[in-house]
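Quick notes on the structure that follows.
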Amino acid sequence: MPEMPEIQAHAERMTTAIGSAELVKFELLNFAGLKTFNPAADAAVGASLTSVGRRAKSLLIAFDNGHTHVVHLMQGGRLRPDPKRSKKPRNGIARWVFALDGPDGPVEEAWLLTEAGTERKAGVWAVDGDPLEQEPLSNLGPEAIDLSRDEFATLIGAQSRRLHGVLRTQGIVSGLGRMLANEILFRAGISPFANASKLDEDELDRLHAAMLAAVEEATAHERTLDDIGKSADRPSLVHNRAGEPCLGCHGKGKKTTACDDTIRTVEYRKYTVFYCPTHQTNGKTLADNTTSKFLKLLRQLSELLVFLCPSGGTFRPRRPRQQVPQMTGNSSSCFEFVR
Ligand SMILES: [Zn+2]
């Protein structure tokens, strides 16, 4: 999912491209893509853009008649210029047609919202009045990058649960996603499983500095691109680098130099946590939840097999490999039959 840096750079790109253009047409191409029914989305037709901004991971297309279209791209959504303007564009959700000032009079420019994949969650919220006070933005926590060290510490410290999840919870601090959570925690040298309410003052200092530095570097990178990228394509220190050597970090926000360790992972159904044990967990490998549940099940099965097997043999886990997460790739080889 795009995070705050991709959306921020894209809002700036759109501002440069369409500035204060007038909206001449709004076409809803997929009924499910419009998440509100009042006001009508085409109530903004005839109005001019005042800004294309960002709140958390949403784009805010604001018009001078008080209406705003809040666009959330979710996982696979993209909002791009649409010179073809085909009748049934692939994965099309909505199209905005703007009138720009050209040398020989107004020129139309269309932007198309698409969503790849099957999730069908990207969409447009048409709102009248202050968009920050209404759904879907009203329940968001403050922008992570706007928080002072002490404000950040207060919000994070009120959560007695794993820090990686706290950083990604938009209702606490907004704009950070999976990649930034991985990168921030590595820079800060803090375990993704650390309890957010138990960080000491030094850790909070490092976490806040790492958060600002990681967001700043990511946004600077996104601003060099011509189009919205995937956060997976952004340069990283740990994210998507499982099994690769630790790079350390020489930038702002962290102390680290490269160590001899390799980047490890904890796999979840929908995402992966990446970390360096030497830098973040005192060398400890974090339990892989998927594997642990799997091991528990197989332990129960092996007990049953001992009961059923007349020769007294049993299945037992093979000698543990060095990296627990690797065991998830080929789970059948993790066990052997012994007598
Ligand atoms: Zn390291």
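The values are calculated or read from the model by the stated rules, or taken from the named source; none is laboratory data. This is a predicted model, so every value here is computed, not measured. Positions of Cβ are generated from backbone atoms using ideal geometry, with glycine treated the same way; all protein chains shown enter the neighbour counts.
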Next on the checklist: Going by what's in this entry, would R178 be described as under 17 Å from the mean Cα position of the chain (by Cα) and among the basic types (K, R)?
Outcome noted: yes
Checklist outcome for this item: The condition of being surrounded by fewer than 19 Cβ atoms within 10 Å (Cβ to Cβ), more than 29 Å from G77 (Cβ to Cβ) and either within 16 Å of the chain's Cα centre (by Cα) or in contact (Cβ under 8 Å) with a residue 12 or more places away in the chain (or both) holds, among G229, G189, G171, G157, only for G157
Checklist entry - Taking segment 92-115 as the region of interest, how many residues are without any contact (Cβ under 8 Å) to a residue 40 or more places away in the chain and touching a helix residue (DSSP H, G or I) at 6+ places or on another chain (Cβ under 7 Å)? => result 0
Checklist entry - So is T114 of a type in the set (S, T, N, Q), more than 18 Å from A9 (Cα to Cα) and buried (at least 21 other Cβ atoms within 10 Å of the Cβ) or not? => result yes
Checklist outcome for this item: Residue set A43, A62, A94, A99; condition part of a strand (DSSP E or B) and either among the aromatic types (F, W, Y) or closer than 14 Å to D128 by Cβ (or both); output residue A62
Next on the checklist: Could you go through segment 114-136 and let me know if any residue there is among the hydrophobic types (A, V, I, L, M, F, W, C), out of contact with any Lys or Arg (no Cβ under 8 Å at 6 or more places or on another chain) and not in a strand (DSSP E or B).
Outcome noted: yes
Checklist outcome for this item: Residues in segment 237-280 that are exposed (fewer than 14 other Cβ atoms within 10 Å of the Cβ) and modelled with pLDDT of 90 or more total 3
Checklist entry - Out of all the residues in segment 132-149, which are within 18 Å of V215 (Cβ to Cβ) and surrounded by fewer than 12 Cβ atoms within 10 Å (Cβ to Cβ)? => result D146, S148
Checklist entry - Can you find a residue in segment 285-296 that is out of contact with any Lys or Arg (no Cβ under 7 Å at 6 or more places or on another chain), away from the ligand (no atom under 15 Å from the Cβ), modelled with pLDDT of 80 or more and farther than 23 Å from E6 by Cβ? => result yes
Checklist entry - Can you tell me how many residues in segment 20-56 are touching a Leu at 6+ places or on another chain (Cβ under 9 Å) and free of Cβ contacts under 8 Å to residues at least 60 places away in the same chain? => result 11
Checklist entry - Within segment 258-274, can you find the residues that are in contact with a helix residue (DSSP H, G or I) (Cβ under 6 Å, 6 or more places away or on another chain), in a loop (DSSP other than H, G, I, E, B) and more than 16 Å from the ligand (Cβ to nearest atom)? => result Y271
Item to check | The lone exception for K25 - which of (1) modelled with pLDDT under 95; (2) over 22 Å from K121 (Cβ atoms) it fails | outcome: (1)
